[in-house]
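The values are calculated or read from the model by the stated rules, or taken from the named source; none is laboratory data. The structure displayed is predicted, hence computed values, not measured ones. In this analysis, Cβ positions are derived from the backbone assuming ideal geometry, glycine residues included, and neighbour counts consider all displayed protein chains. Ligands, DNA and RNA are excluded from the accessible area calculation, which covers all protein heavy atoms including side chains. Shrake-Rupley method; radii C 1.70, N 1.55, O 1.52, S 1.80 Å.
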Amino acid sequence: MPRRPPPKTPLPKTSPPKTPPPKTLAPHRVVALLQPPQSTFALACATEVFGDHGPAIPTHYAFEVCTEHPGPVPTQAGYDLLVTAGLDALERADTVLVPGWHQAPGTGVPPAVVASVRRAHERGARIVSLCSGAFVLAAAGLLDGRRAATHWARAAELAARFPQVRVDPAVLYVDHGDVATSAGAAAGVDLCLHLVSADQGAAYAMRIARQMVMPPHREGCQLQYAELPTSGPVADSLAPLLDWLTGRLDQPVSVAEMAVHSQVSARTLTRRFTEQLGISPGRWLLDRRIAATRALLEETDLPVETIAHRVGLSSAVNLRRRFHEALRTTPAAYRRAFRVDKAV
């Protein structure tokens, strides 16, 4: 009789390999350094951008405040803020933000504050000032030999107290990467949105701006809204035209067509752009087209040719050239970088 083959030993059951859960990045921690009397508007600018936006917008930032002496912090609005965190909060900050800084004449920034800001910068934290907060960064030596912005009304004082700082009294903000400064009032929002765009992409920054019902983000090179002359007519606002252009990014629009829409001459329109924004109409429109391109590269898989037509840059060749001039990278490399960042 033929021998039966030996029974096969059953293989041990194995469960399919588990897919590791996707890594989630910890929120970028922004710590605002307050000092009495605190500017409530400058603090609100930072809070509105880096604070909680509800379930409609993913949370990428954790925002908190600290002060040198925890407790009630008087504000310029006449009420106190209860701040419980001291300067040790700066040790865990990814970004240290100084939303304005007011001090009595003849007094300097407290040594403990200077030392804490320097330590945060040395370990790699980004240091940001809004409005007069630039005085803290200058006292810490972080602006030596660098361009810096502050409120136009305090630019001369900053330059006199810190002659090693190259104070630019005209621009909205200056970003050096590790250090950034802004002018006063709404320029603080412009800088904060610029930083969000650098951190999380243009699309995310645009979502925050839309929720804040903000106009299009202004570039740092644009001029501050300085004090208006006491006599003579005040230039008409460009806001209606800017809204009209923003809704027509997919269409070619010439300066002559802008002028017709605004019912002024092309020469008058160009002068208004220069006076109110510090740039030409063409440059403003190109900046908006590049911002829209970034958002589409981040959030869609559309071909570059399609994106070029959607943002009014006519062709992939033209888009690539303009994109490289603006950001020193290619659309493909930009898209890969943001896809990698979001997958980490």
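Those residues that are open to solvent by 10 Å² or more (accessible area, probe 1.4 Å) and under 16 Å from Asp94 (Cβ atoms), I need them from the range 167-193; list them, please.
Scanning the range 167-193 gives Asp175, Gly177, Asp178.
Go through (1) hydroxyl-bearing (Ser, Thr, Tyr); (2) buried (at least 20 other Cβ atoms within 10 Å of the Cβ); (3) at pLDDT below 85 and name the single condition Ser231 misses.
With (1) hydroxyl-bearing (Ser, Thr, Tyr); (2) buried (at least 20 other Cβ atoms within 10 Å of the Cβ); (3) at pLDDT below 85 applied to Ser231, the lone miss is (2).
Can you find a residue that is hydroxyl-bearing (Ser, Thr, Tyr) and in contact (Cβ under 8 Å) with a residue 40 or more places away in the chain anywhere in the range 265-283? Quick ask: steps written out before the conclusion?
The initial filter retains those residues of the range 265-283 that are hydroxyl-bearing (Ser, Thr, Tyr), namely 265, 268, 270, 274, 280.
Those still in the list that are in contact (Cβ under 8 Å) with a residue 40 or more places away in the chain too: none.
There is no residue in the range 265-283 that is hydroxyl-bearing (Ser, Thr, Tyr) and in contact (Cβ under 8 Å) with a residue 40 or more places away in the chain.
From (1) closer than 27 Å to Thr274 by Cβ; (2) under 22 Å from the mean Cα position of the chain (by Cα); (3) surrounded by 15 or more Cβ atoms within 10 Å (Cβ to Cβ), pick out the condition that doesn't hold for Arg126.
Evaluating Arg126 over (1) closer than 27 Å to Thr274 by Cβ; (2) under 22 Å from the mean Cα position of the chain (by Cα); (3) surrounded by 15 or more Cβ atoms within 10 Å (Cβ to Cβ) leaves (1) as the failure.
Which numbered condition trips up Asp168, out of (1) closer than 22 Å to Pro36 by Cβ; (2) at pLDDT below 95?
(1)
Quick one: which of Arg294, Arg289 is outside any loop (DSSP other than H, G, I, E, B), over 24 Å from Ala185 (Cβ atoms) and modelled with pLDDT of 90 or more? Before the answer, list the steps.
Values: Arg294 fails: modelled with pLDDT of 90 or more.
Exactly one of Arg294, Arg289 is outside any loop (DSSP other than H, G, I, E, B), over 24 Å from Ala185 (Cβ atoms) and modelled with pLDDT of 90 or more, namely Arg289.
Is it the case that the range 305-322 has a residue that's open to solvent by less than 80 Å² (accessible area, probe 1.4 Å), modelled with pLDDT under 85 and closer than 22 Å to Asp190 by Cβ?
Looking for residues that are open to solvent by less than 80 Å² (accessible area, probe 1.4 Å), modelled with pLDDT under 85 and closer than 22 Å to Asp190 by Cβ, one finds none in the range 305-322, hence no.
So, Ala198, is that one open to solvent by 20 Å² or more (accessible area, probe 1.4 Å), in contact with a strand residue (DSSP E or B) (Cβ under 6 Å, 6 or more places away or on another chain) and assigned to a helix (DSSP H, G or I) or not? Explain how you work it out, then say what you get.
On the way: open to solvent by 20 Å² or more (accessible area, probe 1.4 Å): yes; in contact with a strand residue (DSSP E or B) (Cβ under 6 Å, 6 or more places away or on another chain): no; assigned to a helix (DSSP H, G or I): yes.
Considered against the rule, which asks whether it is open to solvent by 20 Å² or more (accessible area, probe 1.4 Å), in contact with a strand residue (DSSP E or B) (Cβ under 6 Å, 6 or more places away or on another chain) and assigned to a helix (DSSP H, G or I), Ala198 comes out as no.
What residue, among those in the range 238-259 that are open to solvent by less than 80 Å² (accessible area, probe 1.4 Å) and over 19 Å from Arg310 (Cα atoms), is modelled with the lowest pLDDT?
Ala239
Evaluate the following for Ala159: is it over 19 Å from Cys45 (Cβ atoms), without any contact (Cβ under 8 Å) to a residue 12 or more places away in the chain and among the aliphatic types (A, V, I, L, M)? Don't jump to the end; show me each part of the working.
Numbers: over 19 Å from Cys45 (Cβ atoms): yes; without any contact (Cβ under 8 Å) to a residue 12 or more places away in the chain: yes; among the aliphatic types (A, V, I, L, M): yes.
In short, yes.
Can you name the number of the only condition in (1) in contact with a Phe, Trp or Tyr (Cβ under 9 Å, 6 or more places away or on another chain); (2) not in a helix (DSSP H, G or I) that Arg248 fails?
For Arg248, the failing item is (1).
Is the range 104-114 home to any residue that is modelled with pLDDT of 95 or more, touching a Gly at 6+ places or on another chain (Cβ under 7 Å) and closer than 16 Å to Cys66 by Cβ?
Within the range 104-114, not a single residue is modelled with pLDDT of 95 or more, touching a Gly at 6+ places or on another chain (Cβ under 7 Å) and closer than 16 Å to Cys66 by Cβ.
Here are the criteria: (1) out of contact with any strand residue (DSSP E or B) (no Cβ under 7 Å at 6 or more places or on another chain); (2) in a loop (DSSP other than H, G, I, E, B); (3) hydrophobic (A, V, I, L, M, F, W, C). Tell me which single one Val189 does not satisfy.
(2)
Identify, please: which residue in the range 1-33 is under 30 Å from Glu68 (Cβ atoms) and surrounded by fewer than 21 Cβ atoms within 10 Å (Cβ to Cβ) and is, among those, modelled with the lowest pLDDT?
The qualifying residue modelled with the lowest pLDDT is Ala26.
Can you find a residue that is under 24 Å from the mean Cα position of the chain (by Cα), buried (at least 18 other Cβ atoms within 10 Å of the Cβ) and polar (S, T, N, Q) anywhere in the range 260-283?
no
Please enumerate the residues belonging to the range 78-103 that are more than 26 Å from the chain's Cα centre (by Cα), open to solvent by 60 Å² or more (accessible area, probe 1.4 Å) and not hydroxyl-bearing (Ser, Thr, Tyr).
Passing the criteria: Gly78, Asp80, Leu82.
Determine if the range 38-54 includes at least one residue that is surrounded by fewer than 17 Cβ atoms within 10 Å (Cβ to Cβ) and more than 21 Å from the chain's Cα centre (by Cα).
no
Can you name every residue in the range 201-212 that is part of a loop (DSSP other than H, G, I, E, B) and over 15 Å from Thr59 (Cα atoms)?
Within the range 201-212, the first condition is being part of a loop (DSSP other than H, G, I, E, B), and the residues that meet it are 201, 212.
The one that is part of a loop (DSSP other than H, G, I, E, B) and over 15 Å from Thr59 (Cα atoms): Met212.
Pairs only if they're at least six apart or on different chains, beta carbon under 7 angstrom, first in the range 33-56 and without any contact (Cβ under 8 Å) to a residue 24 or more places away in the chain, second surrounded by fewer than 16 Cβ atoms within 10 Å (Cβ to Cβ); list them, first residue then second.
Filtered contacts from the range 33-56: Asp52/Thr59.
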